[in-house]
Amino acid sequence: MDTLKTLKSYMVTNDTSAIKSIFQQCRDRILQRINHLPEYSSLPIDELAQSLLPRDTPSDCVPIKTRGDGNCLYNAISIAISGKSFIFIFVSRIV
C-alpha cells in the first residue's frame with residue numbers, strides 16, 4: 001500500500017521519472033513472480049470460451065474459468081501470478 005500512496009503523490013506532482021521508476025519496480029516484481037508460476041493443469045477450463053476460440057488458436061492456449069464479476073482481467077492476472085484469483089483486489093489497485 002505504501003507504493004500506491006507514493007505513486008499517487010508522484011502523480012499529483014506529475015513527477016514522470018519517479019512514476020516510471022515505480023512502474024519498473026512493479027514490473028520487476030511481477031517478472032520475478034512469473035519465474036515461479038503455479039501449475040495450471042489443475043485449473044478448470046472454460047468450455048464455452050474454448051468453443052468460441054478460432055480454429056488457428058495454439059493448442060497450449062486454454063481459457064481458464066474466472067469469476068464473472070466484472071473483474072475478469074484482474075482475476076486472470078491474479079491466476080497467472082498465483083494460480084488463484086483471490087489476489088485480484090491487489091492487482092486491480094496496481095494496474
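Derivation of every value follows stated rules applied to the coordinates shown; laboratory data play no part. For clarity, every value in this text was computed on a predicted model and none was experimentally measured. Reconstructed Cβ throughout: ideal geometry from the backbone, glycine too, with neighbour counts over all protein chains shown.
Hey, got the dipole for the chain? About the Cα centre, +1 on K and R Cβ, -1 on D and E Cβ, debye to the nearest 20?
360 debye
Scan around residue 45 for amide H atoms under 5 Å from its own, H built in the peptide plane at 1.01 Å from N, and keep only partners 5 or more places away or cross-chain.
65
How much net charge surrounds residue 94 when only the other residues with a Cβ under 11 Å from the Cβ of residue 94 are counted, with Lys and Arg +1 and Asp and Glu -1?
Net charge in that neighbourhood comes out at +3.
Once you have the Cα-Cα distance between residue 15 and residue 53, take 0.36 nm times their residue separation minus that, and quote the gain in nm to one decimal.
Taking 0.36 nm per residue and subtracting the Cα distance, the gain is 9.5 nm.
Helix 2-13 versus the longest principal axis of the chain: what angle, 0 to 90°, nearest 10, using Cα atoms?
Result, in degrees: 60.
Can you work out ³J(HN,Hα) from phi for every residue in the range 53-69, in order, using Karplus 6.51 cos²θ - 1.76 cosθ + 1.60 and θ = phi - 60°, giving whole Hz and x for Gly and Pro?
5, x, 5, 8, 5, x, 5, 8, 9, 10, x, 9, 5, 10, 5, x, 10
Out of 9, 49, 86, whose Cα points farthest toward the positive end of the dipole of the chain (charges: +1 Lys, Arg; -1 Asp, Glu; placed on Cβ)?
The Cα lying farthest towards the positive end belongs to 9.
Divide, for the chain, the radius of gyration over alpha carbons by 2.2 N^0.38 Å, where N is the residue count.
The chain yields a ratio of 1.33.
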